[in-house]
């Protein structure tokens, strides 16, 4: 059970964490513009699955797990950075035609994989959760359940924030001409590529 007195400051901190756009938000917006709101929401699902796994890592003991996976962290980060740059490059080369019509079947698996990979490729999310969640844990009670509960609250808030981006971008999609889509794709592609370069240059704390 979480102490009610910590919930309000915890939720406020989560809101601040959620509203700051990062690589995952960029991919959500890009996919929503290309495939509609549903594509963005599916991308969010993938990102949240990654965040759930991060919360689980923190809950079962960050130090032990981090020691085990520390050697792979740099590879994961660089793979994610390369993936962002690749997505951005594809958007820069876009002809401006929207990828899907209302009746088309969305590539659900691809969007989920994108969301998961981009989320896990940013080590700062895991490091933030590892530093943030334990501060609200009552050490006199079992920590696992508390951390998982706090993590689910964080996930709910970030999901809502990301969903707002997805819905807004999905609605904008219907107002875009091919020329405007090309412009949006180029701007979004440049942002994603810059985000990939930024991610690749980050050093672990």
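What follows draws every value from the coordinates through simple rules; no lab data is involved. Please read these numbers as outputs of a predicted model, since none were measured by experiment. Glycine also receives a Cβ, built like all others from the backbone with ideal geometry; neighbour counts cover every protein chain displayed.
The simple Förster model, with R0 at 35 Å and r as the Cβ-Cβ distance, assigns residue 141 and residue 163 a FRET efficiency of 0.60. Between residue 19 and residue 78, the modelled label-to-label distance comes to 3.8 nm, taking each label 7 Å out from Cα in the direction of the beta carbon.
For the peptides 152-158, 35-41, the ranking by mean Cβ contacts within 10 Å, running from highest to lowest, is 35-41, 152-158. Full extension of the chain between residue 171 and residue 60 gives 35.9 nm of extra length, using 0.36 nm per residue less the Cα-Cα distance.
Sorted ascending by nearby beta carbons within 10 Å, beginning with the fewest, 148, 51 become 148, 51. If R0 equals 41 Å, the separation of the Cβ atoms of residue 7 and residue 53 corresponds to a calculated FRET efficiency of about 0.95. When peptides 110-121, 23-34 are sorted by average Cβ neighbour count within 10 Å, with the highest value leading, the order is 23-34, 110-121.
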